[in-house]
Amino acid sequence: MTPAASALPPGDIVVPSPEVEAALATGAPVVALESTIITHGMPWPRNVETALAVEAEVRAAGAVPATVAVLAGRLHAGLTPGQIEALAAARDVRKLSRADLAACLATGGTGATTVAATMIAAHRAGIEVFATGGIGGVHRGAETTFDISADLHELARTPVTVVAAGAKAILDLPRTLEVLETLGVPVISVGQDEFPAFWSRSSGLRAPLRMDDPAAIARAHRLRAALGLQGGQLVANPIPAGAEIPRAEIDPAIERALAEAAARGVAAKDVTPFLLGRILEITEGRSLAANIALVRANARLGARIAAALTASWEG
Ligand code: PSU
Ligand code: MN
């Protein structure tokens, strides 16, 4: 009897769905998806509809979706529709980042994974590509609050290629790009030179890198590993043109939401969900429609990169 060992779950720490397990065993493309966007990023029932639609996008593009979450102390990569629905409907689900993941497993809790925690789970499971909406970054006013998302540090250390529509425009985008550069994270825009700003295609900032071909992005992923470099890549995919909210229209909503967050003293993990919720109300749902369109587009691109990773080197 070794009490310490018996406290650990049998097998690997990440529990793949049968579909994900089969795909990984045969080298078929798999795309990880996060769950904080379901529990903290969108209201019911659009959250569950979106989660299922995003999975369908991955499948339609020829890859297997692996939505990541902690359910009753087990870290899952690949959920059933019923599990996604239960998570989306649950109240008081924890928001798990690098700091909280093991604690949630240890206490048998249920939690949704952020970009950082989803990258950790994906990597442990052997999944190399992950699609989401927008990563966390340097918050405005970080010079006094020190609020910088753990997502940035995760990109610097965990070798997963993350497809996002840039960083959310509620953040300080120039400083977010500066920190990513300091951490040695490749930031690759797709289809345009500019770094996209989540709801808008334009941020006014040039992305450090541009690659329009998913196969080149896949090769760069492999070459980073071959060079012995830690960490992943951030692929910045602009929101589809027909779905975007131009900056001039979204900026006033962002300013208002930020002022309200400051007035109410919203801090730490609550900042991003609060801002997303208020911007949705202020824009009367337009921000949510844009968010859904961009996540779906990112799922499609993620599937193409995952397919290229499984193809030959020339692929
Ligand atoms: N993208 C979205 N909606 C979200 C998030 C991303 O479209 O809700 C979540 C992600 O899980 C990301 C998190 O990791 O917000 C960032 O939170 P924070 O700023 O507290 O690190
Ligand atoms: Mn934060």
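Restricting LEU234, LEU223 to residues that are exposed (fewer than 14 other Cβ atoms within 10 Å of the Cβ) and closer than 20 Å to VAL31 by Cα narrows the list to LEU223. Among the residues of the range 239-263, the ones that are among the basic types (Lys, Arg) and touching a helix residue (DSSP H, G or I) at 6+ places or on another chain (Cβ under 8 Å) come to 1 in all.
Here the condition is being closer than 29 Å to LEU24 by Cβ and not basic (Lys, Arg); of ALA167, ALA216, it holds for ALA216 alone. In the set ILE305, ILE245, ILE239, ILE279, only one residue is β-branched (Val, Ile, Thr), within 20 Å of ALA61 (Cα to Cα) and within 14 Å of ligand 1 (Cβ to nearest atom); that residue is ILE239.
Within the range 257-292, restricting attention to residues that are charged (D, E, K, R) and touching a residue at least 12 places away in the same chain (Cβ under 8 Å), which residue is farthest from ALA165 (Cα to Cα)? Spell out the reasoning first.
Taking the range 257-292 first, the residues charged (D, E, K, R) are 260, 264, 269-270, 278, 281, 284, 286.
Restricting the remaining residues to those that are touching a residue at least 12 places away in the same chain (Cβ under 8 Å) gives 260, 269, 278, 286.
On the way: GLU260: 25, LYS269: 21, ARG278: 20, ARG286: 16 Å.
Filtering the range 257-292 for residues that are charged (D, E, K, R) and touching a residue at least 12 places away in the same chain (Cβ under 8 Å), the one farthest from ALA165 (Cα to Cα) comes out as GLU260.
For ARG278, the conditions (1) surrounded by fewer than 19 Cβ atoms within 10 Å (Cβ to Cβ); (2) more than 20 Å from the chain's Cα centre (by Cα); (3) at pLDDT 95 or above are fulfilled apart from (1). Screening GLY82 with (1) surrounded by fewer than 16 Cβ atoms within 10 Å (Cβ to Cβ); (2) within 16 Å of ligand 1 (Cβ to nearest atom); (3) not hydrophobic (A, V, I, L, M, F, W, C) gives one miss only, at (2).
On the stretch given as the range 67-100, residues that are within 24 Å of GLY302 (Cβ to Cβ) and within 16 Å of ligand 2 (Cβ to nearest atom) total 4.
Pairs meeting the criteria (first residue in the range 32-48 and under 18 Å from ALA164 (Cβ atoms), second residue charged (D, E, K, R) and within 11 Å of ligand 1 (Cβ to nearest atom), beta carbons under 6 Å, at least 6 apart or on different chains) are THR36/LYS95; HIS40/LYS95.
The values are calculated or read from the model by the stated rules, or taken from the named source; none is laboratory data. Small disclaimer: the values here were computed from a predicted structure and weren't measured. Please note: Cβ atoms are built from the backbone with ideal geometry, for glycine as well, and neighbour counts cover all protein chains shown.
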